[in-house]
Each structure stands twice: as structure tokens, then as C-alpha cells.
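We did not get these values from a lab; they are worked out from the coordinates using the rules stated. Here the structure is a predicted model, which is why all the values come from computation and not from measurement. Positions of Cβ are backbone-derived with ideal geometry, glycine not excepted, and every protein chain shown enters the neighbour counts.
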Amino acid sequence: MARKTNYRLSKAKHRVAALRFTIIFLGSLSLIYSIRGFSYNYVWDTVFFAACVTFAQIVEVTLPQGGSVSLGPAVIITTLLLFPFSNALTISVFGVLLSRSITSKLTKRSIIFPAAKVSFVAFVSMITFYLLGGAPFLEMGTDSAAKLMGWGSLPVLALVAIYFFLDLAIDEILFCLKKAKPIFSSWIGMAKLVGLLYLALSSLGVLFALLYPFLHAWSALFFFFPLILTRHAFTLNLNIRRTYHHTIRALSRAIEAQAPNRRGHAERVTEYSIGIAQELGVSGGELEKIAYAALLHDLGKLGLDEDSLDSLLESKSSWNGESPHAIVGAEILEQVDFLKEASKIVRMHHEPFEGSSIRGSDIPLGARIINVASRYDELTTAESTEERLNSSQAIARLKKEQGLSFDPQVIRGLINMLQRRGEILRIVS
């Protein structure tokens, strides 16, 4: 197993290194190709916007799953719209290089790769912009706003869309290669998380570009204030989400405190559930709901032993054999607004797959996923060494009950996830 894990990590590192090298190579070619046409007609404007890009790149928002988003793209969008091709690319790359040089001593992050990525993304975006009939706003002068009426807005929209698509896609592909995650569902989830922020940044960038030919440097006053407010609002939203997440994790740890032999069970089930859900194409809010339900799927056991659960449910004969702790856990979660949807998953996470239906409703996909993930974790972490199974043996045991206790589609998702991580061989499926 250690040898397979090392091989998987080595393979992932090579893929990440290959992608980074490709981006650096393409970004360098883009800069070399375009820098020859640099115009000195906008020297002071160039210095001003290089400083703006540098400042905006330094201001970042840390994301919950790691990584960060800077405010730099808003100013870079402005730069790409305002300046001729060579000047715009040079300003963007120089601004990123300068900002990274300032922060690299503190963050120990790469300097070359971010600049090369911006060069490549900006190059592709501007090529599209010009092919669709766009022109630098500084050359259009005060007529730039009028040109955006009707079909004139198409080149701008295309530039913005391609810039943010490529910017987000490159980062997410690198992240997925490192973590052995499916790229498409992960990208969709990240796009939903930062989509509104990117929309706000691009809108402010276009507004700055429209104002600059009229007000010049003074237009920054109408740009940076709403830009900082946008960052503040997005940060507050992320902080609320973090508070929810930390509260749920604290509850999860409290559940396991009374059963030391199951310590880490909820975290592992959550990890497996997220991985399976992503393999099945789940993303965004639905994925978050499944993660919350997985962390709290044993909430009904908190502070209650089996005798207490049985006595509590003696009067509830209408539940038709549902798992007692699942009922109690669901009823607790129903009292919390943002966990009401997760409560439905918790209530049914022990329901057998075959022909099972409660009150006419099918078992939610999240419940079927947690059922498989929880059983897989129990099989691979059993206290007794005689009962504990390795990954391949556990999958074989689950497959014996597919279509009966477990959803075959979910088991395939688990197999794909484990194969992607290098924990089982392809022959298992």
C-alpha cells in the first residue's frame, strides 16, 4: 500500500510539474511575442496601472478549502480593455511579478508561475477581444462608452468570460491533480463559490476602464472604494460559512468523544462521501449539504446509549424500523434552518437500497452515499484485526450487497475514487 501511495504521489507531482512548465512556457512565449510592440505613448498611464495591479494583487481573500483569490483580476481586466495589446500584457505581468516579489518573503510562494499564468490568460483573452472587433479604450477616447452599446459589448463580455474561465480552470486543474480529485465537478463547485465575486470584479474592471478616459487617475476613487467593499462582503460571507463548518465539526467531535473507538469516523466518512459525490458529478450547495450530513450522521448518538434510544422511540411504532439514532439526529437537525435539508439525508442514511421508500419519497442520493461510505469505513477500521479488511476486501464485501443494502451507482463512485487515489487496483471494478 505504501508503495502504491508513493507511486500515486510521484505521478501526481509529475503531472503538476508538467502543467506548470507548460503554462510557464506558453506565458513566456506570449510575453516575448507581444513586448516587441510596446508603445511609449502611455508611459505615465503604464506606471499608474502597474502600481494599481501590484496593490490589488496583494489584497487577497483566503478560501475555505485552501488557496486564495486576489482583487488583481479587476485591475487587470481594466488594463486589458484600456491599453494596446503589448502595453496591457506588460503591465499585467509586471504588476504580478512586483506583487509576488513583495509577498514572497512572507508566503514562500512562486513568483514566476503566477506571472506566466497571467501572461498566457491575458494573451488568449485579448486575442479573442480583438478578433471580435474590440479596440483599446485609450485609443477610442471618450467614445468608448458609446461603442459598448448593443453588439459593441460582445468583445468585452468575451474577454471577461475567457479571462476568468482560464484563470480559474488552471488553478483548479492543478489543485485536482495534487489531490486526485475529479476536475469537472471540482471546477463547478469552485465556480459557484467565487462566481459572484468574479462577476463583481469584472463589472468593476469594466467600469474603471470606461471612467478612465474621462477622469484619468481620479477614476481610481470610484473604483477602489467599491472594490474594497466587495472584498469585505465576500470575506464576511466566507466567515459565516466557516463558522457553520467549525460548529458542525465541533458537534461531530463531541459525538465521538463518548466512543473513543470510533474517533475519526465522521471525518473519514465525510471525506469518502465528498469524494464519491464528486465522482457522481455532485457540486456546489448539494455537495456542501452532503458534507454536513456526513459529519453529523451519528448526531442521534450524542448523550444517549442504546437503551435510552429504544425507550425514547417505544411510542413511535410508525417509523417502521428506521435506525433510532438516525431519527433522533434528523429531528435535532430539523430545528436548525441551514441544516434542514441535511436532516433528510441523516434520517435515511441507514435505509437499505432495495425497494426502500419512506412516505412515498425515494432515498436521497446523499443518504445512499453516506450509507456506503460509513459501511466502508467500518469494514476498514474495525478494532479486531481479524475483522478489519483492506480496501479491496471491503469493496468486495460491499459489492455482495449492491442492489440490496447499497446503491450500485454509489459503489462504483467509491471504486472510482479509490482508484483515482491509487488505493485499489483497476482490476477491482
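What to note about this one:
- SER384/LEU215 FRET efficiency (R0 60 Å; Cβ-Cβ; nearest 0.05): 0.20
- Residue-span extension gain [SER68 to ALA169] - 0.36 nm each, minus C-alpha spacing: 35.0 nm
- More than 16 angstrom apart: percent of Cα pairs within the stretch 360-402: 41
- Semi-axis lengths (Å, descending) of the ellipsoid that matches the C-alpha gyration tensor of the stretch 191-261: 44, 11, 6
- Filter on LYS192/LYS399; LYS192/LYS340; LYS301/LYS340; LYS340/LYS400; LYS117/LYS178 - keep pairs with C-alpha separation over 23 Å: LYS192/LYS399; LYS340/LYS400
- Between amide H atoms placed 1.01 Å from N, distances below 5 Å from VAL61 occur with VAL69, SER70, all of them 5 or more places distant or on a separate chain.
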